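Worksheet: the structure to be examined is printed underneath.
Values quoted throughout were computed directly from the atomic coordinates according to the rules given, and no laboratory measurement underlies them. For clarity, every value in this text was computed on a predicted model and none was experimentally measured. With ideal geometry, Cβ positions are generated from the backbone for all residues, glycine too; neighbour counts draw on all protein chains shown.
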Amino acid sequence: MATGRISTETIHSTERSSLADSLRPFRTESGQSLLDLIDESPVLLVFLRHFGCAFCAMALDRVSQARQQIEAMGVRPVFVHLGSQERAKPYFDYYKLSNVERISDPEATLYQLPAFALSRTNPYLQPFSLAVWKGWLKGAMFKYGIGLIREDGYQMPGVFLLKDRRIARAFRHKSIADEPDYLKLAAAA
């Protein structure tokens, strides 16, 4: 009796094909295909929350500070946000990320792809979280402030290293105050 075995290569090939099919329709604000960017070099795909969130501003700041090191590893940072291009521009300009590729996804279509499966949570419950209070007390609220929720406040962020048409590393936020190690995520490239 023959036993069915699936090789690791078959699994990776299927995973790459499925992810590629899911990413094919997405384009950056400059018109670049997300799939083409991934084929050119590994991509650190950073999903943001709404622009009124102190932790969203902190993510922009942290990636901006680590950008040279990330790019020195051959990894291209690409952001996904829930706002319009016009709404996002001043934030990316402020953090010196004007020329970084980004995807405007107001419908959160990319966020909800099964490959990323970024959760949704009630934004009004987040302030009752101990992790959020700790993050605010560590300086997030004082340094970055808190603004109005204009985008989807329920959507949680995440960070993914995409390489060879598959997810090489993933960080899915459990709390809005979680702090991914962008350099460690990029180092998997």
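Where does each of LEU185, LEU45 land when they are ranked from fewest to most other beta-carbon atoms within 10 angstrom?
The fewest-first ordering by Cβ neighbours comes to LEU185, LEU45.
Which FRET efficiency value, to the nearest 0.05, is calculated for ASP36 and ASP181 with the Förster distance at 30 angstrom and r the Cβ-Cβ distance?
0.65
Testing the spin-label approximation: label points 7 Å from Cα along Cα→Cβ at LEU113 and ALA188. State their distance in nm.
Reported label-point gap for LEU113 and ALA188 is 1.5 nm.
Could you check the spin-label model distance between GLN69 and LYS96? Points 7 Å from the Cα along Cα→Cβ, value in nm.
Those two pseudo-labels are separated by 1.5 nm.
Need one number: nm distance between label points at GLU86 and SER18, each 7 Å from Cα along Cα→Cβ, rounded to one decimal.
Placing both labels 7 Å beyond Cα along the Cβ direction yields 4.0 nm.
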